[in-house]
Structure formats: C-alpha cells, structure tokens
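Peer 1: So that we are looking at the same thing, I have put the structure below in structure tokens.
The values are calculated or read from the model by the stated rules, or taken from the named source; none is laboratory data. Quick caveat: nothing in here was measured; it's all calculated off a predicted structure. Note: ideal-geometry Cβ built from the backbone for every residue, glycine included; neighbour counts use all protein chains shown. These area figures cover heavy atoms from the full protein model, side chains too; ligands, DNA and RNA do not enter into them. Shrake-Rupley method; radii C 1.70, N 1.55, O 1.52, S 1.80 Å.
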Amino acid sequence: MFKGFYIAKQEIFDNKNNIFGIELLFRKRPVQYAEIDSNIYSTASVLDIVINNIGIENLIPSGFIFLNVDHKFLESEILQTLSPERITFELIEDIELDRELFSRIKDLRKIGFKFSINNFDLKKHKNFLNLLDYAKIDIVNGEDISNTIKILESNNVLPIAFRIEAEEFYKIAQSLGFKLFQGFYLSKPCFISGEDFKHNKIVILKILNSVLKNEEISKIEEYLKANPDIAIKLIKFINSPFFGLRKDISSIKKALTLLGYENLSKWLSMLLFLSEDKKGLLFEKATFRGKMMEYIVSDINPEMSDKAFLTGIFSILYDYLKNNEVIENLKLDKDIKTAILNKKGLLKDILDILRYIELDRFEEANKLMEKYKITPQNFMKYELKYFEWLKKIKDELGLQ
C-alpha cells in the first residue's frame, strides 16, 4: 500500500554561499510552519525515505545531512547500521544530558558521527560543549551572542546562525563572525514528496525472528523473495552511502551475506517502525515475475537464475516509476541493468515474455518462447511451481 510522505529540506550555507549541508525533517503533509516531530518513529522514517526512496545523492551530492534526534533514537540500534561520514545528529533543544546520554554521544563521536544542537543556550547547554561539532544560535532571540560564539569556538564548536528571516539578520550574523547560516531569507524549506512503501509487520517480525535465530541464509533469502518490497529496500540500503559499501549485487543471497545477521536484524528493526497491515498488489506482481524469471532461466542457464529473480522484481519498480535513473544509480549487476533498461540479452528476452503475457500480446510472447524452446506446457509447469512455492512460504510465515 502506498502512502504519501513529505521530507522538509532546508539548506545550511557557508560564508561563500555554498551549501554546507541540509536539515531534514519528516512531514505527513506539506506545511510551512514549524511542525517538528523528532521522536524515534519520525527519524526512522526520514532515514528510510532518504535511503530507500530518494537517495542521499539526489538530495545533496556532497556535504552533511542534519537529522533531528532525541534521547530515544540515540539509544536505539538503528543508527548502528549507518555509515557516519555524512551524518550530523541534531539534538533537540530540550534534551537532558544524563550520564548514559553523555557516554552514548562520546562513543558515537569516536566512530565518526557529528553532533549539533538546536537553539543553543549557554546556560542551558553548557555541559554539552565537549560533545558538539556545531551549535545553532537563534540570531533573532539569542542572548549574549558574541560571548556565546567565543566560547563555542574555544571549544572547537562551529556556530550556525539560524532564523535568518531577513537581510538585516543576515548582515548582523556576518558582522558577529558566523561562518554558517540558515533561514528563510537564504532558503525556504521545500518539500520532497514521494511514495512511502509500507510493509507487513507480521512478515517483518517473522523474518526478524529467523535472523535472530541465525537460520540458514538460503531460508531467509526465500522469505525475501516472497516479499520483494523488502528485498528491494535491502538492496537500496546496501547501495546507500549510509551503509558505506559499494558493491555490485547479483543476488538476494549476496546482499544478505554482505549485510550479515547483526546488521540485518537492526535494519529489519528499523522497518518495523514503518509497518502496516496491508501489502500492495504491485509487490504480489513483483514476486510472481521474479520467481517465474528464476524458474525459466534456471532451465536455460542455471548460473543466471539469481540474477533473473532480481531482474524480475526490479523491473516492476522500473515499470511503476518509469525512471531510468532509479536503476542506473543502483549498484546492480550489469546483466540486470541491461535487461531492465530495454537492451539485449537472455534476461531481457525472458522479461519481455512475461511483460507480453501480462499485456495479452501472446504472438510476441510466443516468438520469444520458441527462441528458447519454452513450450506452453513448460510455462504452465513454472506457474504451478510458483504457486506451490508461494503457499509453502506463506505457511511458514503464518500468512495463510
């Protein structure tokens, strides 16, 4: 099932008017007034959308992502699946610094994460000074700004002037010595909308349970093949700079092996925050196309069967979005990309057979079937095999 989401995006500029970073906030509807929702669900939603739906490179080719976080999010294991190089966690202004949070932030900074705090107040946030890389200062309502800047810089904290809503505030900020700036005068928040793919919570829990029990990768692979919406997000996640690994993916099994049990369990936990009870028919179609391609290709060239499955499920994503860049920007195996982007090869031909049959273009489908000696009886055999497989997987996941 598809639901609309919105990401509020506002740039942070340096003193040469270059984009230094962008702040992201989760929105359920497009609004221009402040609607900060910084709990663990919304932060997980932002991460999920940026990693799996939009892509960090499409938002900002270089520079930092500033994500609003609270105490609960920093305690969660979700962020342990992330690569820290381009992430700055922005603490909400009313966060309380206890011993556990102090220790947690120190540990996260050691592995490369950066921290900022919203609406820095010297009296209120003095104990945070040794934990911060940046601090946002309200240029309109802030008190003793000059002294605050000096103290921040003496602690190697870079101040960011925010709420720059008119030229006069920008000039004041420059005269005070700020080097980073954010506000409506420079850039109004804009909203990036898209389709937020939701998942069946029960399925995720079942798969997570298999992962936690360290069941065979091949078994987990079958579960993901029955849920291509989750499989697609897995591969997008591994391709994301947040994960920090750039490898060509030729199979679900390879993706699972690269991620490993521990990271897989944390990633599935993140998806639990974004679950609901219904699954779109689009993904049932993806399952059918993926498995049918796998079965057909395994009888022609067994070494290509894993690639065939991924070709099937990602072709549905391509057919739905009609956007070449979605496929081109993923580190998928070249044979998979070649097939989906309407070029030549075995995978492309088998994909075309399924597409033609879906469109009732049987004459064109028959020509390709004859080329690969696929009889109608064989095709029916593959269909029956798919339904038997699907029933088995649903039985094991308790979905019948």
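Peer 1: Given the options Tyr170, Tyr185, name the one that is part of a helix (DSSP H, G or I) and aromatic (Phe, Trp, Tyr). Steps first, answer last, please.
Peer 2: Details: Tyr185 fails: part of a helix (DSSP H, G or I).
So the residue among Tyr170, Tyr185 that is part of a helix (DSSP H, G or I) and aromatic (Phe, Trp, Tyr) is Tyr170.
Peer 1: When only residues in segment 193-229 that are of a type in the set (Val, Ile, Thr) and touching a strand residue (DSSP E or B) at 6+ places or on another chain (Cβ under 9 Å) count, which is modelled with the lowest pLDDT? Write out each step before concluding.
Peer 2: Initially, segment 193-229 is screened for residues of a type in the set (Val, Ile, Thr), giving 202-204, 207, 211, 217, 220.
The next check asks that each one be touching a strand residue (DSSP E or B) at 6+ places or on another chain (Cβ under 9 Å); those that pass are 202-204.
On the way: Ile202: 69, Val203: 77, Ile204: 79.
Ranking the candidates gives Ile202 first.
Peer 1: Would you check if Leu310 is open to solvent by less than 10 Å² (accessible area, probe 1.4 Å) and at pLDDT 80 or above? Please lay out each step first, then the result.
Peer 2: Values: open to solvent by less than 10 Å² (accessible area, probe 1.4 Å): yes; at pLDDT 80 or above: yes.
Judged against the criteria, Leu310 is a match.
Peer 1: Still on this structure: Could you look through segment 316-346, keep only residues that are in a helix (DSSP H, G or I) and at pLDDT below 75, and pick out the one that is surrounded by the most Cβ atoms within 10 Å (Cβ to Cβ)?
Peer 2: Leu317
Peer 1: Answer yes or no: is there a residue in segment 174-181 that is part of a strand (DSSP E or B) and either hydrophobic (A, V, I, L, M, F, W, C) or open to solvent by 10 Å² or more (accessible area, probe 1.4 Å) (or both).
Peer 2: Of the residues in segment 174-181, the ones part of a strand (DSSP E or B) are 180-181.
Filter once more, keeping what is either hydrophobic (A, V, I, L, M, F, W, C) or open to solvent by 10 Å² or more (accessible area, probe 1.4 Å) (or both): 180-181.
Checked against the condition, which is being part of a strand (DSSP E or B) and either hydrophobic (A, V, I, L, M, F, W, C) or open to solvent by 10 Å² or more (accessible area, probe 1.4 Å) (or both), segment 174-181 yields at least one hit.
Peer 1: Go through segment 110-137 and report how many residues are open to solvent by less than 10 Å² (accessible area, probe 1.4 Å), under 16 Å from Phe89 (Cβ atoms) and not charged (D, E, K, R). Quick ask: steps written out before the conclusion?
Peer 2: We begin by selecting, within segment 110-137, every residue open to solvent by less than 10 Å² (accessible area, probe 1.4 Å); these are 113, 115-117, 125, 128, 131-132, 135-137.
Now narrow it down to the ones that are under 16 Å from Phe89 (Cβ atoms): 113, 115-117, 125, 128, 131-132, 135-136.
Subsequent filtering for residues that are not charged (D, E, K, R) retains 113, 115-117, 125, 128, 131-132, 135.
So the answer is 9.
Peer 1: Still on this structure, please answer the following. Which count do you get for residues in segment 154-165 that are touching a strand residue (DSSP E or B) at 6+ places or on another chain (Cβ under 7 Å) and open to solvent by 20 Å² or more (accessible area, probe 1.4 Å)? Give the steps one after another, and end with the answer.
Peer 2: Pass one, segment 154-165, residues touching a strand residue (DSSP E or B) at 6+ places or on another chain (Cβ under 7 Å): 157-164.
Within this subset, residues satisfying the condition of being open to solvent by 20 Å² or more (accessible area, probe 1.4 Å) are 158, 162-163.
Result for segment 154-165: 3.
Peer 1: Whether any residue in segment 230-237 is open to solvent by less than 20 Å² (accessible area, probe 1.4 Å), modelled with pLDDT of 80 or more, touching an Asp or Glu at 6+ places or on another chain (Cβ under 7 Å) and within 13 Å of Ile313 (Cβ to Cβ) is what I want to check.
Peer 2: No, there is no match, as no residue in segment 230-237 is open to solvent by less than 20 Å² (accessible area, probe 1.4 Å), modelled with pLDDT of 80 or more, touching an Asp or Glu at 6+ places or on another chain (Cβ under 7 Å) and within 13 Å of Ile313 (Cβ to Cβ).
Peer 1: Asn147 fails exactly one of the following numbered conditions: (1) more than 25 Å from Gln174 (Cα to Cα); (2) modelled with pLDDT of 90 or more; (3) open to solvent by 50 Å² or more (accessible area, probe 1.4 Å). What is the number of that condition?
Peer 2: The single condition Asn147 does not satisfy is (1).
Peer 1: In addition: Output the number of the condition that Asp352 fails; it satisfies all remaining conditions of (1) part of a helix (DSSP H, G or I); (2) open to solvent by less than 30 Å² (accessible area, probe 1.4 Å); (3) closer than 24 Å to Ile249 by Cβ; (4) at pLDDT below 90.
Peer 2: (4)
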